[in-house]
């Protein structure tokens, strides 16, 4: 059974701050990197975008009730934003990556699946999505519980009343094309989403450097088996 809408708890200052941290990665950090190092190739840029976003979050967003928690997955390090006042945790990733997760068959859960399975366990999307294939969540409670403990390390207990929100964005030509805050249920169906495109500031300073080519997914683990057949994409991915 769902609780009252969660999005109303998120104030505009927080929304603006999150958007600014992501925008700075594209408008400031990336141009600075290209102008200082003049790289012959930019294969590592997608991963660096994540690093710059995380750095901006720590520098510019964390204060008062807002903090950033570090967690590790093998050799990969991630950040979670925690709003202790409103009891909401946040992760940031590209919207396309969220869509991919719905149709991946994985041996181990993605960190987002684990966190949502625990914190949003009692929430359910008002409309369950229809897909061409049966989606198997596939992870037992013990696996999820152990994985959650390894991520949180006791910093956010499962019974503390927290909910998890994904800040999902898309970028085109080094500009934020879309950004929203999305609350998902354990099947990664949308419970509620808050559009925050209005907080995106246009970048009037045009980049003079050559833009990096489009890169693969920039998330923690590469998909274990991802079906990207174009004819089925629209039917499988309804989040956006």
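The values are calculated or read from the model by the stated rules, or taken from the named source; none is laboratory data. Note that the coordinates shown come from a computational prediction; the quantities given were computed from them, not determined experimentally. With ideal geometry, Cβ positions are generated from the backbone for all residues, glycine too; neighbour counts draw on all protein chains shown.
Looking at residue 82, is it over 21 Å from residue 119 (Cα atoms), in contact with a strand residue (DSSP E or B) (Cβ under 7 Å, 6 or more places away or on another chain) and outside any loop (DSSP other than H, G, I, E, B)?
No, not satisfied.
Kindly establish whether residue 151 is modelled with pLDDT of 95 or more, within 21 Å of residue 76 (Cα to Cα) and either surrounded by 12 or more Cβ atoms within 10 Å (Cβ to Cβ) or in contact with a helix residue (DSSP H, G or I) (Cβ under 9 Å, 6 or more places away or on another chain) (or both).
yes
Does residue 128 satisfy the condition of being in a loop (DSSP other than H, G, I, E, B) and surrounded by fewer than 17 Cβ atoms within 10 Å (Cβ to Cβ)?
Yes; evaluated as a whole, the condition is true for this residue.
Working only within the range 177-187, note down all residues that are in a loop (DSSP other than H, G, I, E, B) and touching a strand residue (DSSP E or B) at 6+ places or on another chain (Cβ under 9 Å).
Passing the criteria: only 185.
Out of (1) at pLDDT 85 or above; (2) over 23 Å from residue 38 (Cα atoms), what's the single condition that is false for residue 220?
(1)
Among the numbered criteria (1) surrounded by 13 or more Cβ atoms within 10 Å (Cβ to Cβ); (2) within 18 Å of the chain's Cα centre (by Cα), which one does residue 70 miss?
Unmet for residue 70, out of (1) surrounded by 13 or more Cβ atoms within 10 Å (Cβ to Cβ); (2) within 18 Å of the chain's Cα centre (by Cα): (1).
Of the residues 102, 97, 180, which single one is under 19 Å from residue 61 (Cα atoms), surrounded by 13 or more Cβ atoms within 10 Å (Cβ to Cβ) and under 18 Å from the mean Cα position of the chain (by Cα)?
Checking each option against the conditions leaves just 180.
I'm trying to understand the selection: among the residues of the range 161-177, which are surrounded by fewer than 12 Cβ atoms within 10 Å (Cβ to Cβ) and in contact (Cβ under 8 Å) with a residue 60 or more places away in the chain?
Listed by number, the list holds a single entry, 161.
Residues that are in contact (Cβ under 8 Å) with a residue 12 or more places away in the chain and touching a helix residue (DSSP H, G or I) at 6+ places or on another chain (Cβ under 6 Å): which helices (runs of 4 or more DSSP H) entirely in the range 1-63 hold 3 or more of them?
In the range 1-63, 12-24, 45-56 are the helices (runs of 4 or more DSSP H) which contain 3 or more residues that are in contact (Cβ under 8 Å) with a residue 12 or more places away in the chain and touching a helix residue (DSSP H, G or I) at 6+ places or on another chain (Cβ under 6 Å).
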